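See structure below.
The values are calculated or read from the model by the stated rules, or taken from the named source; none is laboratory data. Because the structure is predicted, anything quoted here is derived from the model rather than measured. Heads up, the Cβs are rebuilt from the backbone with ideal geometry, glycines too, and the neighbour counts pull from every protein chain shown.
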Amino acid sequence: MLPKINRLTSAKDFQTVTKTGVRVYSDGAVIYALANPTSQKNCQIGLIVSKIVGNSVIRHKTSRQIRNAMKDLIPQIPGNIQIIIRALPEITTKDFSEINKSLTDAVLKSIVKANV
């Protein structure tokens with residue numbers, strides 16, 4: 001579970017980040033990142049795992065794997081950035097180590113691309 005201060009929960013924030021943030025594609029996900037230098041002190045991470053990924057069991061398993069991968073990455077993310085991870089159906093064919101590696105690379109690339 002991500003710490004409460006690092007969760008992106010507002011629908012307005014989700015819409016802002018997905019519409020105006022930078023976009024980076026990885027093997028099983030799309031990462032959106034937006035730098036907000038004055039709005040927050042902690043990074044915020046949100047997940048989008050829709051029905052195209054699979055049934056309820058698969059979606060929840062995927063969400064847990066993504067949250068677990070991001071939990072270890074939080075100390076490397078600057079405090080003024082919001083990140084959304086949209087899972088794609090291809091993510092279900094990968095094991096956790098592959099998901100962790102591809103998401104880590106894509107998130108770090110998105111941070112650089114967002115000019116943080």
* Quick one: in segment 70-80, which of the residues that are outside any loop (DSSP other than H, G, I, E, B) and in contact (Cβ under 8 Å) with a residue 40 or more places away in the chain is nearest to the chain's Cα centre (by Cα)? -> M70
* How about segment 45-69: which of its residues are outside any loop (DSSP other than H, G, I, E, B), of a type in the set (A, V, I, L, M, F, W, C) and over 21 Å from T16 (Cα atoms)? -> V57, I58, I66, A69
* Would you call K41 in a loop (DSSP other than H, G, I, E, B), more than 17 Å from N68 (Cβ to Cβ) and of a type in the set (K, R)? -> yes
* Looking at segment 84-95, which of its residues are in a strand (DSSP E or B) and either of a type in the set (D, E, K, R) or modelled with pLDDT under 95 (or both)? -> R86
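Restricting segment 37-61 to residues that are in contact with a Ser or Thr (Cβ under 9 Å, 6 or more places away or on another chain) and closer than 24 Å to K113 by Cβ, which is surrounded by the fewest Cβ atoms within 10 Å (Cβ to Cβ)?
I48
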* Scan segment 2-19 and give yes if some residue there is aliphatic (A, V, I, L, M) and surrounded by fewer than 16 Cβ atoms within 10 Å (Cβ to Cβ), otherwise no. => yes
* Asked: Inside segment 94-110, can you point out the residues that are more than 11 Å from the chain's Cα centre (by Cα) and either in contact (Cβ under 8 Å) with a residue 40 or more places away in the chain or within 21 Å of D13 (Cβ to Cβ) (or both)?
  -> K94, E98, I99, S102, D105, K109
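Each row is one residue, and each column tells you yes or no for (1) small (G, A, S); (2) more than 14 Å from I45 (Cβ to Cβ).
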residue	(1), (2)
A69	yes, no
G79	yes, no
P89	no, yes
L103	no, no
K109	no, yes
K113	no, yes
